[in-house]
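Peer 1: Okay, handing you the structure first.
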Amino acid sequence: MKLLAFVDLHSDLNQLKKLIAKAKEKQPDYLVCAGDISDFGRDIDQIFKELEKLNIPMLIIPGNHESSEGITKLCTKFKFAINIHKGCYEVNDYCFFGYGEGGFSEEDREFERIANKFKKEINEKKKIIFVTHAPIYGTKVDYISQLGHRGNKSSRKFVLEVKPKLVICGHLHETATMIDKLGSTVIINPGKYGKIILI
């Protein structure tokens, strides 16, 4: 399966054109957006309309610049978009588990609650792709020079316990395009430029 993952577009319409061109060239099976597709909703309908023309399904979560309710409404209006926030989308032997919003706290009790529920319900045979807005603590994707590690420890614990095949995250623009590993899990911040990932 081929993914075109991106995050932190922040209503950059010029970059959107480049992202669409990449999607047309590479023909991914899914677009995956790890949040902040808009700048507090600016041009968000236009962004969805342009992406809809690709006729490629998009898995999406809200970032800290969108509300969960807003993304839910857009995914109802635009059928190509699938909101995976606090849920799981299964395709073949993969499960895309999404958790959006936030990005500023080291610990997230709500995520821990959702993650514990997910761990009890998930089919152990499924390969997990974890899509989250907040970067994973203690990795290259959460490290900012002079500030240190700024990521989420709750997500780190989840990754170490569940061992997803892949994590797609963002929030920190400084670490866009960074790739790291935590145990056997590959962690990617694809940035607004978008990254083709083969799984």
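Peer 1: How large is ³J(HN,Hα) for each residue in region 140-147, as worked out from phi by the Karplus curve 6.51 cos²θ - 1.76 cosθ + 1.60 (θ = phi - 60°), to whole Hz, x for Gly and Pro?
Peer 2: 5, 7, 10, 9, 10, 3, 6, 10
Peer 1: Expected output is a single nm value to one decimal: the length gained when fully extending between N92 and E174, i.e. 0.36 nm times separation in residues minus the C-alpha distance. What is it?
Peer 2: 26.1 nm
Peer 1: Could you work out how much longer the chain between E112 and K17 gets when fully extended? Use 0.36 nm per residue separation minus the Cα distance between them, nm to one decimal.
Peer 2: Using 0.36 nm per residue and subtracting the Cα-Cα distance, I get 30.5 nm.
Peer 1: Compare the peptides 108-116, 32-40, 137-145 by average per-residue count of other Cβ atoms within 10 angstrom and give them in order, highest first. Don't skip to the answer; put the middle values down first.
Peer 2: Details: 108-116: 16.0, 32-40: 25.8, 137-145: 19.2.
Going by the mean number of other Cβ atoms within 10 Å, highest first, we get 32-40, 137-145, 108-116.
Peer 1: Give me the number: length gained by fully extending I144 to E25, i.e. 0.36 nm times residue separation minus the C-alpha to C-alpha distance, one decimal in nm. Mind showing how you got there, number by number?
Peer 2: On the way: separation 119, 0.36 × 119 = 42.84 nm, distance 3.29 nm.
Stretched fully, the I144-E25 segment lengthens by 39.5 nm.
Peer 1: Sort 162-170, 121-129, 84-92 by the packing proxy (mean of other Cβ within 10 Å over each peptide's residues), most packed first.
Peer 2: Averaged packing, sorted descending, gives the order 162-170, 84-92, 121-129.
Peer 1: Let me ask you something else. Under the rule of -39500 (n - 2.57) per DSSP H run of 4 or more residues, summed and divided by the residues of the chain, what mean residue ellipticity at 222 nm is obtained, to the nearest 500 deg cm²/dmol? Could the numbers behind the result be given before it?
Peer 2: Numbers: 5 runs with 56 residues, N = 199.
Value at 222 nm, helices only, nearest 500: -8500 deg cm²/dmol.
Peer 1: Still on this structure, please answer the following. Hey, what did region 1-100 get for relative contact order, percent, Cα under 8 Å, at least 6 apart? Can you show the working numbers first?
Peer 2: Numbers: 175 pairs, mean separation 24.2, N = 100.
After rounding, I find 24 percent.
Peer 1: Follow-up. Could you please report the charge total around D108, scoring K, R as +1 and D, E as -1 over all other residues with beta-carbon less than 10 angstrom from its beta-carbon?
Peer 2: Taking every other residue near D108 into account, the sum is -2.
Peer 1: Work out the FRET efficiency for N64 and Y193 from their Cβ-Cβ distance, taking R0 = 25 Å, and round it to the nearest 0.05.
Peer 2: Efficiency computed from Cβ-Cβ geometry: 0.80.
Peer 1: How high is the relative contact order of region 2-198, in percent, counting Cα pairs under 8 Å that sit 6 or more residues apart?
Peer 2: Rounded, it is 23 percent for region 2-198.
All of the numbers you see were taken from the coordinates with simple rules; none came from a lab. The model shown is predicted, which means the values in this text are computed figures rather than measured ones. Positions of Cβ are backbone-derived with ideal geometry, glycine not excepted, and every protein chain shown enters the neighbour counts.
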